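First the structure, in the form of structure tokens, and then the observations on it.
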Amino acid sequence: MTGLFITLEGGDGSGKSTQSALLATWLEENGQTVVLSREPGGTELGLELRDIILHRRGYIDPRAEALLYAADRAHNIATKVRPALERGDVVLQDRYIDSSVAYQGAGRVLDPTEVRDVSFWATEGLLPDLTILLDLDERVSQERLKDRTKYDRLEEEKQEFHARVRAGYLELAAAEPERFLVLQATDSVETLAAVIRERVAELLAGASTEQPQ
């Protein structure tokens, strides 16, 4: 039996953590075993890499940054995500390959194809069954984050950077509409959760009909 791999994407402050928690609760109430992860920081090693990537002050070369994300991703997929999927669990993950393409590709102005290829190699080509993109205007995002106190290298970037990231996400979604569910992050928490549950229920129903009799 193969589980479901669902990722949540979007700019900082878009509500990914909230929707992930609500979806996890709903899935568990409906008999699913849920594994939560995030990038960076889904594993013990990942937490160390997260501290370097997001909270280290000072310049990090964009290519080095992209490779650090890929290293975290490789370990997370190999040690946490794939084993869970092989058990038949549902994996809900905050950020994945699309984040690197949007942030390091579009945001840092690296070649998006090269960034994607590095992550494909790192994960042996694993793609999510569903990617939920919570689209949020970068100005609204910055307003939502203004009271956060912990230093975050990406959150500190200028509005132009976050505008490129958002455009990068929307371009990815337009290229793979069958994988992406694009939602407006300014909708109510309840509205978003209901739409997400409906789409995930369809995936679960499809997965059950594909299982051997």
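Quick note: the coordinates plus some simple rules give every number you see, no bench work behind them. Keep in mind that this is a model prediction, so the values were computed, not measured. Every residue, glycine among them, receives a Cβ derived from its backbone with ideal geometry; neighbour counts consider all protein chains shown.
Within 10 Å of each candidate Cβ there may be at most 13 other Cβ atoms; applying that plus a DSSP loop requirement, which chymotrypsin sites (Phe, Trp or Tyr not before Pro) in the stretch 124-212 survive? Show your work: numbers first, answer last.
Numbers: sites: TYR151, PHE161, TYR169, PHE180; in loops: TYR151.
For chymotrypsin sites (Phe, Trp or Tyr not before Pro) across the stretch 124-212 that sit outside H, G, I, E and B with at most 13 neighbouring Cβ atoms in 10 Å, the list reads TYR151.
Hey, got a sec? Which chymotrypsin sites (Phe, Trp or Tyr not before Pro) in the stretch 1-108 land in a DSSP loop and have at most 10 other Cβ atoms within 10 Å? Don't skip to the end; give the middle numbers.
On the way: sites: PHE5, TRP26, TYR59, TYR69, TYR96, TYR103; in loops: TYR59, TYR96.
Sparse-neighbourhood loop chymotrypsin sites (Phe, Trp or Tyr not before Pro): TYR59.
Which one, PHE120, GLY58, PHE5, projects farthest toward the positive side of the charge dipole computed for the stretch 4-210 from Cβ point charges (K/R +1, D/E -1)?
Of the options given, the answer is GLY58.
Note down the relative contact order for the stretch 1-117 as a percent, whole number, built from C-alpha pairs under 8 angstrom at least six residues apart.
After rounding, I find 41 percent.
At 0.36 nm per residue, minus the direct Cα-Cα distance, what do ALA78 and LEU127 gain on full extension? Give it in nm, one decimal, please. Spell out each step's value before the answer.
On the way: separation 49, 0.36 × 49 = 17.64 nm, distance 1.34 nm.
Result for the pair: 16.3 nm of gain on full extension.
Along its principal axes, what span do the Cα atoms of the chain show, with the longest given first and each in whole Å?
Principal extents (Cα only, largest first): 55, 36, 32 Å.
Applying the Karplus parametrisation 6.51 cos²θ - 1.76 cosθ + 1.60 with θ = phi - 60° to the phi angles of the stretch 31-48, what ³J(HN,Hα) value in whole Hz is obtained for each residue in order, glycine and proline being reported as x?
Couplings: x, 8, 8, 10, 10, 9, 8, 7, 9, x, x, x, 10, 4, 5, x, 5, 5 Hz.
Net charge near GLN159: determine it from the other residues with C-beta under 9 Å of the C-beta of GLN159, scoring Lys and Arg +1 and Asp and Glu -1. Walk me through the numbers before you get to the answer.
Numbers: positive: ARG139, LYS158; negative: GLU138, GLU157, GLU160.
So the surrounding residues net to -1.
For a test of understanding, tell me how many lysine pairs in the chain have Cα atoms under 19 Å apart, given they are 8 or more places apart or on different chains.
Close lysine pairs under the 19 Å cut-off: 4.
Remind me, relative contact order of the stretch 4-210 in percent, using alpha carbon pairs under 8 angstrom and six or more residues apart?
Working: 295 pairs, mean separation 65.2, N = 207.
It comes to 32 percent, rounded to a whole number.
Expressed as a rounded percentage, what relative contact order does the stretch 68-172 have, with Cα pairs under 8 Å and six or more residues apart?
Working: 73 pairs, mean separation 36.2, N = 105.
Here the relative contact order equals 34 percent.
Any idea what angle helix 159-175 forms with the longest principal axis of the chain, computed on alpha-carbon atoms, 0 to 90 degrees, nearest 10?
It is inclined by approximately 30 degrees.
Taking a spot 7 Å from the Cα of LEU47 along the direction of its beta carbon, which residues of the stretch 86-103 have an amide N less than 19 Å from it?
Taking a point 7 Å out along Cα→Cβ of LEU47, the residues of the stretch 86-103 whose backbone N falls under 19 Å are 93-95.
Can you pull the one-decimal nm distance between simple spin-label points at GLU86 and HIS55, each 7 Å off the Cα toward Cβ?
Reported label-point gap for GLU86 and HIS55 is 3.2 nm.
Taking the chain as the reference, fit the longest principal axis to its C-alpha atoms, fit the long axis of helix 16-29 to the helix C-alpha atoms, and give the angle between the two in degrees, 0 to 90, nearest 10.
Helix 16-29 sits roughly 10 degrees off the main axis of the chain.
Under 12 Å from a point placed 7 Å out from the Cα of LYS150 along the Cα-to-Cβ direction: which residues of the stretch 49-80 have their backbone N that close?
Answer for this model: 50-52, 54-56.
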